[in-house]
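Q: Sharing a structure, written as structure tokens. Questions coming.
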Amino acid sequence: MTVTSPPQEPTAPRAVRRPGDRIFSGGAKGAGILILLILAGVTVFLLAESLPALTASAEELPGEGGLVSYVWPLIFGTLLSATIALLVATPLAVGIALFITHYAPRRLAQVLGYVVDLLAAIPSIVYGFWGIAWLAPRLVPFYRWLEENLGFIPLFAGPVSATGRTMLTIGLVLAVMILPIVSAISREVFTQVPTLHTEAALALGATRWEMIRMAVIPYGKSGVIGGAMLGLGRALGETMAVAIILSGSAAGITFALISSANPQTIAANIALQFPESTGLDVNTLIASGLVLFVITLLVNMLARWIVNRRADFSGAN
């Protein structure tokens, strides 16, 4: 009696990796490792150069009260200016992205997209000159109106700056600078909304705005948040525009947005103070740069967490 073995299933042929695939895979892996090495190198450099300032006594450091009292007003100014920019730029960027993707004719939408993207190509020093020479003087009457009508609010308490070089002006300039970043990402996310979602909403009798509110915005919410956080990272590290407009201004912690007394930001303070600093003063500036590095890293981690959390509830899934 002979026993026949069951027929064996044919095995799938093994994929052959071409030389181009191996080169691309190795290049991508090397690029990822290189980024990590650069990040680690920057971290080591900042820690090593900041160590003398971190271990020095309060009497040896500039200002009074030690390193914390020196850096804390700079942190406040950095977060305040970036927050103003984010609050102004995000609604405008989302509105521009919605208009380009769902309201404007195709030819006009392409032109508007190019124009908005060109804002990202303007150097920051040009934004600084524009803010100090054109925008700031024209905002002075508006600031006086805010003081007369809303002066009871600490944000708009006087006296009004005669030059218009205020924290609110900085926030508006930074808002224009991060506008193309948030708008471009939002536009790309809104164009990826499945056509079936939009057509189904319109077929059920929804207006265009109702379709956007029920289908487009829920689908692209995580992308908008990611773009806003990316713009926030740009605003936190902006140097030249802030240094030009707020040069010579360092008033500590104040919430007044239209007065001549304004807090300075970390990046602008480093740019203004570094050429004349020596010895321990340089280490103190690098220590403040380390603080800015940590803040930016935390912002990016928060953005990643928000995007991943929102992705579980978005229409993308």
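Q: Can you pull the three principal axis extents for the Cα set of region 94-163, in Å, largest first?
A: Here the spans come out as 48, 28, 16 Å, largest first.
Q: Pulled fully out, how much extra length does the chain show between V126 and V282, if you take 0.36 nm times their separation in residues and subtract their Cα-Cα distance?
A: On the way: separation 156, 0.36 × 156 = 56.16 nm, distance 2.75 nm.
Roughly 53.4 nm would be gained on extension.
Q: Something else about it: Scaled to the compact-protein estimate 2.2 N^0.38 Å, what is the alpha-carbon radius of gyration of region 139-260, rounded to two decimal places?
A: On the way: Rg = 20.2 Å, N = 122, 2.2 N^0.38 = 13.7 Å.
Expressed relative to 2.2 N^0.38 Å, the Cα Rg reads 1.48.
Q: Now, a different point. Provide, as a two-decimal number, the C-alpha radius of gyration of the chain over 2.2 N^0.38 Å, N being how many residues it has. Working shown, then result.
A: Details: Rg = 26.0 Å, N = 317, 2.2 N^0.38 = 19.6 Å.
Scaled against compact globular proteins, the figure is 1.32.
Q: Under 10 Å, Cα contacts only: if you run a Gaussian network model on the chain, which one of P105, P52, P123 comes out with the highest mean-square fluctuation?
A: Fluctuation is largest for P105.
Q: Let me ask you something else. By how many nm would the segment from E210 to V44 grow when fully extended, if each residue of separation counts as 0.36 nm and the alpha-carbon distance is taken off? Provide the component values of the computation, followed by the final result.
A: On the way: separation 166, 0.36 × 166 = 59.76 nm, distance 5.17 nm.
Once the chain is fully extended between E210 and V44, it gains 54.6 nm.
Q: Nearest 10 degrees is fine. How inclined is helix 19-55 to the longest principal axis of the chain, computing both from alpha carbons?
A: Relative to the chain, helix 19-55 is tipped by roughly 30 degrees.
Q: Along the Cα-to-Cβ line of L297, 7 Å from the Cα, sits a label point; which residues in region 52-91 have backbone N less than 12 Å from it?
A: No residue qualifies, since no backbone N sits under 12 Å from the label point.
Q: Hey, any idea what % of region 175-317's accessible area is carbon plus sulfur with a 1.4 Å probe?
A: Working: 4150 of 6680 Å².
Of all accessible area on region 175-317, carbon and sulfur atoms account for 62 percent.
Q: I'd like the orientation of helix 167-191 relative to the chain: the angle between its Cα long axis and the longest Cα principal axis, in ° from 0 to 90, rounded to 10.
A: Once rounded, one gets 10 degrees.
Q: Taking the Cα centre of region 118-253 as the origin, how large is its charge dipole in debye, to the nearest 20, when only Lys and Arg (+1) and Asp and Glu (-1) carry charge on their Cβ atoms? All intermediate terms of the calculation are to be shown ahead of the outcome.
A: On the way: 8 positive and 6 negative charges, 16 e Å.
With Lys and Arg at +1 and Asp and Glu at -1, about 80 debye.
Q: Another question, if that's okay. Two decimals is fine: what's Rg over Rh for region 149-202, C-alpha atoms, Kirkwood radius as Rh? Each step should come with its number before you reach the end.
A: On the way: Rg = 19.9 Å, Rh = 15.0 Å.
On the Cα set of region 149-202, Rg over Rh gives 1.33.
Q: Further question: Taking amide H atoms as placed 1.01 Å from N in the peptide plane, list the residues 5 or more away in sequence, or in a different chain, whose amide H sits under 5 Å from that of S259.
A: S161, M167
Q: Give me the extension gain from S25 to W305: residue separation times 0.36 nm, minus the current Cα-Cα distance, reported in nm with one decimal. Intermediate values should be presented prior to the final figure.
A: Working: separation 280, 0.36 × 280 = 100.80 nm, distance 2.77 nm.
That pair, S25 and W305, stretches by 98.0 nm at full extension.
Q: Taking the Cβ of T284 as the center, what net charge do the other residues with Cβ under 11 Å away carry, scoring Lys and Arg +1 and Asp and Glu -1? Intermediate results must be reported in sequence, preceding the final value.
A: Numbers: positive: none; negative: E49, E60, D281.
Once all neighbours under 11 Å are counted, the net charge is -3.
Q: Gap in Å between the Cα centre of region 42-109 and the Cα centre of region 214-270?
A: Cα centres, region 214-270 to region 42-109: 5 Å.
Q: Tell me, what is the percent relative contact order of region 26-315, built from C-alpha pairs under 8 Å that lie six or more residues apart?
A: On the way: 395 pairs, mean separation 83.7, N = 290.
Computed over region 26-315, the figure is 29 percent.
Q: In Å, what Rg and Dmax follow from the Cα atoms of region 197-268?
A: 20.9, 60
The values are calculated or read from the model by the stated rules, or taken from the named source; none is laboratory data. Bear in mind the structure is a predicted one, so any value in this text is a computation, not a measurement. A quick note on method: Cβ atoms are made from the backbone with ideal geometry, for glycine too, and the neighbour counts reach across all protein chains shown. Side chains included, ligands, DNA and RNA excluded: accessible areas come from the protein's heavy atoms. Shrake-Rupley method; radii C 1.70, N 1.55, O 1.52, S 1.80 Å.
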